Protein chains: 2
Amino acid sequence: FKDSIAFVTLEPCSHQGKTPPCAKLFSELGFKKIFISVKDENKIASGGAEFLKKQGIEVEFDILKEEGKKLLKPFLKWQKGQFKLFKLALSMNGSPLGKIVSNDLSRTYTHKIRAVIDLLVVGGETIRKDHPILDARLCKAKAPNLCILSRQNIDNFDKNIPLFKVPNRQIYTQIPSEAKFLMYEGGENFLKIFKDEIDMFLIFQSSSLNDEKNVTIPLNFKPLYRNFLGSDTYGIYEL
Amino acid sequence: FKDSIAFVTLEPCSHQGKTPPCAKLFSELGFKKIFISVKDENKIASGGAEFLKKQGIEVEFDILKEEGKKLLKPFLKWQKGQFKLFKLALSMNGSPLGKIVSNDLSRTYTHKIRAVIDLLVVGGETIRKDHPILDARLCKAKAPNLCILSRQNIDNFDKNIPLFKVPNRQIYTQIPSEAKFLMYEGGENFLKIFKDEIDMFLIFQSSSLNDEKNVTIPLNFKPLYRNFLGSDTYGIYEL
C-alpha cells in the first residue's frame, strides 16, 4: 500500500476500541493521501485526520459528502443512540396481508437482518392474527429478542404461538434502553403509529396482485437504494 | 470483421425486404462463424443459415435459446399478426387511480412507446373520467391513433375532451386489422377484461403510498426485465 490513496466514508478513528485505530494502520501501511467523505463528530473516535496529517499523510474532507452521509446514517444514528428500521412487505397491489407476501430470497434477507439487530419490535395484532415465529431460521442464526407492543397484557397471549417457544429469547413489552439497532415489523396500523419516529424503511414488494386490501396511508418514500431479489423488488427508503 | 464470430438472437434473413439480406452482409464482411439463438420460422425470411453454410461460414443454432425466444417474443408476435402490450401504472400501494401516478421519466418512457405503436387501445371509462390527451408530447412525437372500446356510442362523448382535439389522429371503435403493435392503457376494469389476450405487461410503480383503492385481481406476473426510472420501478412482465 506504499504511496496509495484511500477513499473512506467516515474519518478514520484515532482510538483503540474493539479494534486498533484505523488512522494508525493507514500510517503504518504508508498511504500518501486519504479522501474523507464525512468528518467524525464522535468525541472518542474523532481526531483521525489530525493524526494522519502529523504523520505526513495528506487529508482531504467532504468528497461525495451527501452520498457519504446517506451511507453512514444507520451507523451514526446507532452511534448516537438508536437506529430504527421499519420492514414492510407488500404485494404488487400494495397489500401487506396474506400469510406469505415475499419470496424466499426476500424473507432470507429479512432473517439476515433479524440475526444482527438488538431487538425486533412487533405489535400484538400481528402475533394474535398470524401466529409467527419471528426467528432467523432461513439464515440459520439466533432468533432476535422481541419487544411486543400491545394494549393487551401479553400474559394473556396464547403461549402456544410459536414465537414464545423459541429458546434463549428475551421478550420485552417496552423497548429496553440498551437496544440500539431496532427493526420494526408490521402492517398498516403499526406503520401508521410509528412512521414518524422511524429512521429508514426496508420495503419488499412482490410481482403478484391479490384480492386483499391495500395500505392507504399517504406517504412519499425517497429511495436510497433499490434492487431485485428474484421476482421481488426491495429498497431502503426515507420519508 | 474478417474471421469474426457473431452471436445473433434470430437467424439472419436471406431475403430483400426494406433492407438487404443480413446473411449476405455477414458473408461479404468475411465472418467465419455465426451463433444463432432462434431459427427463423418465417417462410419469406428464413433460409439464412443455409445461405451462410453455402458461403463456407460455420453456423450453430440454439445458443441461449430460451433467452433468445423471450427477447424475440414481441417481434415474432408482431410478425405473425399482433403484439399486444398492456401498460399499467400503480402507486406503491397498488392503486392505478389519481391524476398522475408515475413520474416524468416513466411517463416519457410511455410516450416513447406511444410514438411507435400502431394503435393505442383505451376504454370509454378512462376517457370520461380522466379527460386525457393520450399523445406523445413528452418525447415530441406524433400522437398515436386511438381505439376507444366503450359500450356507449362515442358520438355521445364530450368532444372537448383533449384527445379528440389532437390533429391527424384516427379514432376507431374497433381494432383495425392492419394494426400490429397495440398498447392497451387502462385501470382495473380494462385489465380484468383483456388480461388473457395480452402478450406482455409494462408496469410502472411509484414509491408513494396514497389513500386510493388498489387493484384486486389475483395475478402472478413473471418479470422478464425490470429497472428503475428515478423513484419509479418499471418492468416488462408476462402472466
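Bear in mind that the values in this text are calculations on the coordinates, not laboratory data. Computed from a predicted model, the values in this text were never measured in an experiment. Please note: Cβ atoms are built from the backbone with ideal geometry, for glycine as well, and neighbour counts cover all protein chains shown.
In peptide B:211-224, what is the residue-averaged number of other protein chain Cβ atoms found within 10 Å of each Cβ? Mind showing how you got there, number by number?
Numbers: counts 5, 4, 5, 14, 7, 10, 4, 7, 6, 7, 6, 3, 6, 0.
What the average comes to for B:211-224 is 6.
Springs between alpha-carbon pairs under 10 angstrom, Gaussian network model over chain A: which of A:40, A:211, A:130 fluctuates most?
A:211
Could you tell me what fraction of 2.2 N^0.38 Å the Cα radius of gyration of region B:93-152 comes to, as a two-decimal ratio? Let's see the in-between values first.
On the way: Rg = 12.2 Å, N = 60, 2.2 N^0.38 = 10.4 Å.
In units of the globular-protein estimate, region B:93-152 measures up at 1.17.
Could you work out the mean count of beta carbons from other protein chains within 10 Å of each residue's beta carbon in B:196-206? Spell out each step's value before the answer.
Values: counts 0, 0, 0, 0, 0, 0, 0, 3, 0, 5, 2.
Averaged over the peptide's residues, the number is 1.
Take each of the peptides B:17-26, A:200-209, average the number of other beta-carbon atoms within 10 Å over its residues, and list them starting from the highest. Don't jump to the answer; show the numbers that get you there.
Details: B:17-26: 15.5, A:200-209: 22.1.
Highest mean packing first, the order is A:200-209, B:17-26.
So what J values fall out for region B:60-76 if you push phi through Karplus, 6.51 cos²θ - 1.76 cosθ + 1.60 with θ = phi - 60°, rounded to Hz, Gly and Pro as x?
Result, ordered by residue: 10, 8, 6, 6, 6, 4, 5, 5, x, 4, 5, 5, 8, 3, x, 5, 5 Hz.
Can you list residues whose amide H is under 5 Å from residue B:9's amide H, if they're 5+ apart or on another chain and H is modeled 1.01 Å from N?
Placed amide hydrogens put B:37 under 5 Å from residue B:9.
Determine the dipole magnitude for the protein assembly as shown: charges of +1 sit on the beta-carbon of Lys and Arg, -1 on that of Asp and Glu, nothing else is charged, the reference point is the Cα centre, and the result goes in debye to the nearest 20. Write down the numbers at each step before the final one.
On the way: 72 positive and 56 negative charges, 62 e Å.
So the magnitude is around 300 debye.
In nm, what does the list of distances from residue A:6 to its counterparts in the other copies look like, shortest first, when each label sits 7 Å along Cα to Cβ?
Distances between equivalent label points, in nm: 5.2.
Which shape class applies to chain B: rounded if a/c is under 1.5, otherwise prolate when a/b exceeds b/c and oblate if not, where a ≥ b ≥ c are the square roots of the Cα gyration tensor eigenvalues? Walk me through the numbers on the way to the answer.
Working: a/c = 2.54, a/b = 1.91, b/c = 1.33.
Prolate shape, in that a/c is at least 1.5 and a/b is the bigger ratio.
Going 7 Å from Cα along the Cα-Cβ axis for the label, what nanometre distances separate residue B:74 from the same residue across the other copies?
Here residue B:74 shows inter-copy label distances of 3.6 nm.
Of the listed peptides A:115-124, A:95-104, B:90-99, what is their order by residue-averaged count of other C-beta atoms within 10 Å, with the highest listed first? Walk me through the numbers on the way to the answer.
Numbers: A:115-124: 19.1, A:95-104: 16.7, B:90-99: 22.1.
So the peptides A:115-124, A:95-104, B:90-99, ranked by packing, come out B:90-99, A:115-124, A:95-104.
Once you've got the Cα coordinates, tell me which of B:24/B:53; B:65/B:180; B:32/B:70; B:99/B:129; A:87/A:222 are over 20 Å apart. Please list the in-between numbers first.
Values: B:24/B:53 11 Å; B:65/B:180 25 Å; B:32/B:70 27 Å; B:99/B:129 10 Å; A:87/A:222 15 Å.
Too far apart for the 20 Å limit: B:65/B:180; B:32/B:70.
Other chains near B:93-104: what is the mean number of their Cβ atoms within 10 Å of each residue's Cβ?
Values: counts 15, 14, 4, 1, 0, 0, 0, 0, 0, 0, 0, 0.
The shielding value for this peptide is 3.
Could you tally the net charge around residue B:235, taking each other residue with its Cβ under 12 Å from the Cβ of residue B:235, Lys/Arg +1 and Asp/Glu -1?
Numbers: positive: B:87, B:222, B:226; negative: A:232, B:232, B:238.
Taking every Cβ under 12 Å from that of residue B:235, the sum is 0.
Output ³J(HN,Hα) for region B:94-103: one whole-Hz value per residue in order, computed from phi by the Karplus curve 6.51 cos²θ - 1.76 cosθ + 1.60 with θ = phi - 60°, and x for Gly and Pro.
x, 9, x, 8, x, 4, 10, 9, 9, 7
Please give the charge dipole size of chain A, origin at the Cα centre, charges +1 on K and R Cβ atoms and -1 on D and E Cβ atoms. Round to the nearest 20 debye. Kindly include the intermediate steps, with their values, before the conclusion.
Details: 36 positive and 28 negative charges, 92 e Å.
Approximately 440 debye in magnitude.
Every other copy gets compared here: list the nm distances from the residue A:155 label point (7 Å along Cα to Cβ) to its counterparts, shortest first, one decimal.
From this label point to the equivalent ones elsewhere in the assembly: 7.9 nm.
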